[in-house]
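Derivation of every value follows stated rules applied to the coordinates shown; laboratory data play no part. Treat the numbers as computed from the prediction; the structure is a model and nothing was measured. Counting neighbours? That spans all protein chains shown, and the Cβs are built from the backbone with ideal geometry, glycine included.
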Amino acid sequence: MKNMIKPLLFYTVKRVFKLGILLVLVSLCSFILVSLSPIDPVNTYIGADMLQISEEQKTIIAQKWGLDEPLPVRFFKWAGCLLSGDFGKSTIFNEPVLQVIGKRFFTSLWLMIAAWTLSGVIGFFLGLFSAVYEKSLFERVISLYCYVLASTPVFWIAIVLLIVFAVNLGWAPVFGAVPPGVIPEEATLTERLVHMALPVMTLSLTGIAAICLHTYEKVKNIIKSDYILFAVSKGESRIGIAFHHALRNALLPAVSLQFASIGEIFGGAVLVEQVFAYPGLGKATVEAGVRGDVPLLLGIVLFLTLFIYTGNVVADILYRIIDPRIRTLINEFVYK
């Protein structure tokens with residue numbers, strides 16, 4: 001145990017250092033791209049009253065926000081505020097950026113966790129049994145489902161589910177995270193789950209396809225191994241092969257893909273939240289981009305960078321828990 005402390009400490013410091021570099025590069029690229037955007041934040045802020053505002057008043061607003069200064073000056077001022085913990089104020093929500101992100105993120109968090117968990121667990125076992133029962137009717141049906149769903153846009157699936165289950169059948173709400181007229185803090189768990197059902201189903205349907213296809217190909221290669229053929233010759237059943245031999249060997253790449261899909265889950269959530277008018281972080285991202293809320297947009301980009309990077313670090317740690325071979329090689333590779 002003592003021999004693991006120093007390598008793990010070095011590994012942690014190295015990953016934190018890489019995170020710092022990544023955040024600097026993302027901040028710089030994001031700030032430049034937003035500054036070069038054709039959307040004028042002053043005009044979007046004024047909105048319908050643009051014709052009633054004089055050029056002098058627009059100039060005053062631009063000076064107040066520092067938009068009249070050169071790009072490098074604006075970037076370093078913004079970076080200085082970030083280092084002090086000030087992410088600015090959202091122009092469309094009229095609240096501090098961190099406060100808006102906190103509210104919207106926790107609204108989206110349960111949505112993404114539910115979809116991420118369902119897609120990972122169901123997709124893994126569907127891929128596992130599809131490979132074990134290759135050339136069966138079950139394998140053909142699952143393969144058809146995966147190929148169709150993997151090539152279907154997530155927003156189209158959301159629209160179809162909305163029309164069928166919410167509009168035609170009336171089994172689910174049409175929009176929102178809570179019933180109309182109910183304060184979010186007073187909504188019951190049942191009401192929240194009912195409003196989450198269709199968005200979670202939409203994200204899960206597409207997520208299952210990717211995990212299933214990846215696991216299917218991995219398990220197919222495992223089944224061709226000599227130790228699997230030896231187990232079959234001894235009379236091992238297909239269920240036994242799946243749980244005693246293939247599961248553990250296929251679990252490590254599945255964990256890698258599962259944590260790598262965090263960014264894809266959020267990307268899908270952006271579109272799904274728009275279709276279902278779900279007031280989460282994805283919808284706030286679209287609103288910030290369309291309405292020129294630069295502080296909020298940049299804050300969300302940095303937050304998601306940190307969120308996805310943390311997911312990848314967690315995946316690396318789980319590697320060492322699941323596969324002892326990787327854990328024993330940590331002293332050899334951690335310093336590279």
**Message:** Going by average Cβ density within 10 Å per residue, which order do the peptides 70-82, 131-143 take, highest to lowest?
**Reply:** 131-143, 70-82
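Between Val141 and Val160, 0.36 nm times their residue separation minus their Cα-Cα distance comes to what?
Details: separation 19, 0.36 × 19 = 6.84 nm, distance 2.09 nm.
Result for the pair: 4.7 nm of gain on full extension.
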**Message:** With unit charges on the beta carbons (Lys and Arg positive, Asp and Glu negative) and the dipole taken about the Cα centre of region 97-333, which residue among Gln99, Leu118, Gly267 sits farthest to the positive side?
**Reply:** Leu118
**Request:** Step through the residues of region 159-170 one at a time and calculate ³J(HN,Hα) from phi using the Karplus curve (6.51 cos²θ - 1.76 cosθ + 1.60, θ = phi - 60°), rounding each to whole Hz and writing x for Gly and Pro.
**Result:** 5, 4, 5, 5, 5, 6, 8, 9, 7, 6, 8, x
**Asked** So who's got an amide H within less than 5 Å of the one on Lys89, skipping anything under 5 residues away but keeping other chains? H placed 1.01 Å off N, in plane.
**Response** Val97
**Rough spin-label spacing in nm, given labels placed 7 Å along Cα→Cβ, for Leu25 and Val148** = 4.1
**Prompt:** For the peptides 174-185, 270-281, what is the packing order when you average, over each peptide's residues, the other Cβ atoms within 10 Å and list the highest mean first?
**Reply:** 270-281, 174-185
**Message:** Just to confirm a number: summing +1 for Lys and Arg and -1 for Asp and Glu over residues other than Ala177 whose beta-carbon lies under 14 angstrom from that of Ala177, what do you get?
**Reply:** 0
**Prompt:** Roughly what would the spin-label model give for Leu169 and Ala79, points 7 Å off Cα along C-beta, in nm?
**Reply:** 5.3
**Prompt:** Using 1/(1 + (r/R0)^6) with R0 = 25 angstrom and r between the beta carbons of Ile32 and Leu98, what's the FRET efficiency to the nearest 0.05?
**Reply:** 0.65
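Would you order Trp116, Trp171 from fewest to most other beta-carbon atoms within 10 Å of each residue's own beta-carbon?
Numbers: Trp116 23, Trp171 11.
Placing the least packed residue first, the sequence is Trp171, Trp116.
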**Request:** Enumerate the calculated ³J(HN,Hα) couplings along region 176-191 in order (Karplus 6.51 cos²θ - 1.76 cosθ + 1.60, θ = phi - 60°), each rounded to whole Hz, writing x wherever the residue is Gly or Pro.
**Result:** x, 9, 9, x, x, x, 9, 5, x, 5, 9, 6, 7, 4, 4, 5
